[in-house]
Amino acid sequence: MEKIRLERDAEHQRYYLSDGTQVSGASSIAKMGDSTEGIIYWAWNLGMQGKDYRKVRDSAADSGGIAHFMANCYLLNAEPDLREFTSEEIALAQPSYDKFLDFWGKEHLTMLACEEQLVHEELKFGGTLDLRARDEDGKHVLIDWKSSKKVYNSHKWQLGGYELLCNHKHLEPIHRRAIVRIGRDAEDQFHIHWIPNIKAERYMRIFEAQVKLYNVINEVKFGKK
């Protein structure tokens, strides 16, 4: 069995058009226009409890990332190499991973691709799709993982960007899509948020407007005049 290593400080993925031009990722673009009020309150509340929000944030991101990585290894029939993480971090991720296995079995999904890196040549952005699958009725399913306290607007808009990427690359449209949220503590571990078609269409329209504005604002970043 292949062994895959999870790196704690892996570099962020970069995306390039076919002509070599670098473009931004959907996760950065989708944050445009989303409110930060909830995040600010969360950080303030932790501070009132005497906790460093950066350490809490990083710990939650690590546990969510570990659970996500373990799920990917399961789908790829590979052994997870978690040598860079503590036993406590791995133990915190285990319940979310177990719930993923339960979710996967109940939905009767078959993986088509995971961690699929795509670029939209026309809208000029890229993204990594966490998971594409097919359900027992043969429908095309898109799933995005998030490690967070709640599902934010930016998560929904980012999923819209991923669906645009998928539609650009693959002839078959997405029939069902979900945000799988991994919580930040032991009592808030795993939630599935299915997005209906009518909302998915709206999120794609929002993201398309975001990416056009984002690219104009950031022209200098990529060496354009």
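Quick rundown of the values:
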item	result
For segment 100-166, the Rg and Dmax computed from alpha carbons only, in angstrom	13.0, 39
Asp102-His191 pseudo-label distance in nm [points 7 Å out on the Cα-to-Cβ vector]	1.6
Inter-probe distance in nm under a simple model that places probes 7 Å from Cα toward Cβ, at Asn77 and Arg8	3.3
Kirkwood Rh (inverse of mean 1/r, distinct Cα pairs), segment 81-225, angstrom	16.7
Separation of alpha-carbon centers, segment 201-220 and segment 60-112, rounded to whole Å	32
Carbon and sulfur %, accessible surface of segment 80-225 computed with the full protein complex present, 1.4 Å	51
Leading residue at positive end of dipole, segment 87-225 (Cβ point charges), from Ala113, His170, Ser96	His170
At R0 = 22 Å, FRET efficiency that the Cβ-Cβ distance of Asp19 and Leu213 yields, to 0.05	0.50
Approximate spin-label separation Ala113-Met32, in nm, with each point projected 7 Å along Cα-to-Cβ	2.4
By average C-beta atoms within 10 angstrom, highest first, the peptides 9-15, 194-200, 145-151	145-151, 194-200, 9-15
Total charge dipole magnitude, segment 73-156, about the Cα centre, Cβ charges on Lys, Arg, Asp, Glu only, Debye to nearest 20	400
Per residue value of the accessible surface for segment 87-224 (all protein chains in place, 1.4 Å probe), Å²	50
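The values are calculated or read from the model by the stated rules, or taken from the named source; none is laboratory data. Here the structure is a predicted model, which is why all the values come from computation and not from measurement. All Cβ positions, even for glycine, are placed from backbone atoms using ideal geometry, and neighbour counts span all protein chains on display. For accessibility, only protein heavy atoms count, side chains too; no ligands or nucleic acids. Shrake-Rupley method; radii C 1.70, N 1.55, O 1.52, S 1.80 Å.
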